[in-house]
Amino acid sequence: MLQPNYVERIADACARIGNESCDESGFVPIRNLLSRFDAELHVRPLLVEGMLASTDAPDSSSQRRTKWAVLVDSETYKLDSIDLDSENRGQPLSSRLRNTVAHELVHSLAFRLEEFGISFNGIEKKGRSMGELVKAIERFTEKLSPFLLVSDKALSKAVSGRTSSLAMEDIVRLFRGLGISRQVL
């Protein structure tokens, strides 16, 4: 059985990655997340909404390294590189696409913990413990992906200087400006 703080450590890493990937307004563009995860986005026909894939690619030192790709279904999502490059707080990609990409990127953490500074005592690289970790990440992925999309900076800006509670209009403006659904918020 996994220790409860394992998922908490992954959530902390996701929050750190989201904070590192946000722009000056606190918005986290998908292109920044993809870059931080050293991943590419591919829009193509799939039988599912999205999936994560890996390939071994040679790097500049002629060594092989894992390259990651987030694949999204072209029937579900109509977008191109211009849409991805021009995404910003005022014009976010669809909240469903943003969450799908974040969800798939969280999946990649199970295979590259050290790359993002996550370490666990008692987790073996190969064996039952690592398998349990992968299953735990799968169970909690939907709960972890918002940490990639909502930066501390954006939340701080939303509440900074407020002397009253957030009204429903403020919350709607917040989740729309962050490019997330109300369920993700």
Report whether or not Ala15 is within 25 Å of Arg173 (Cβ to Cβ), open to solvent by 10 Å² or more (accessible area, probe 1.4 Å) and aliphatic (A, V, I, L, M).
-> yes
Just wondering, is there one or more residues in the stretch 158-178 that are within 18 Å of Asp12 (Cβ to Cβ), touching a residue at least 60 places away in the same chain (Cβ under 8 Å) and open to solvent by less than 30 Å² (accessible area, probe 1.4 Å)?
-> no
Residue pairs qualifying under the 9 Å Cβ cut-off, at least six apart or on distinct chains, with the first in the stretch 24-41 being closer than 11 Å to Leu93 by Cβ and the second being open to solvent by 50 Å² or more (accessible area, probe 1.4 Å) and hydroxyl-bearing (Ser, Thr, Tyr), are Leu41/Ser81
Give the residues of the stretch 52-79 that are open to solvent by less than 80 Å² (accessible area, probe 1.4 Å) and at pLDDT 90 or above, sorted by residue number.
-> Leu52, Ala53, Trp68, Ala69, Val70, Leu71, Val72, Asp73, Ser74, Thr76, Tyr77, Leu79
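The values are calculated or read from the model by the stated rules, or taken from the named source; none is laboratory data. From a predicted model like this one, the values you see are computed outputs, not experimental measurements. Here Cβ is always computed from backbone atoms with ideal geometry, including for glycine, and neighbour counts include all displayed protein chains. Side chains included, ligands, DNA and RNA excluded: accessible areas come from the protein's heavy atoms. Shrake-Rupley method; radii C 1.70, N 1.55, O 1.52, S 1.80 Å.
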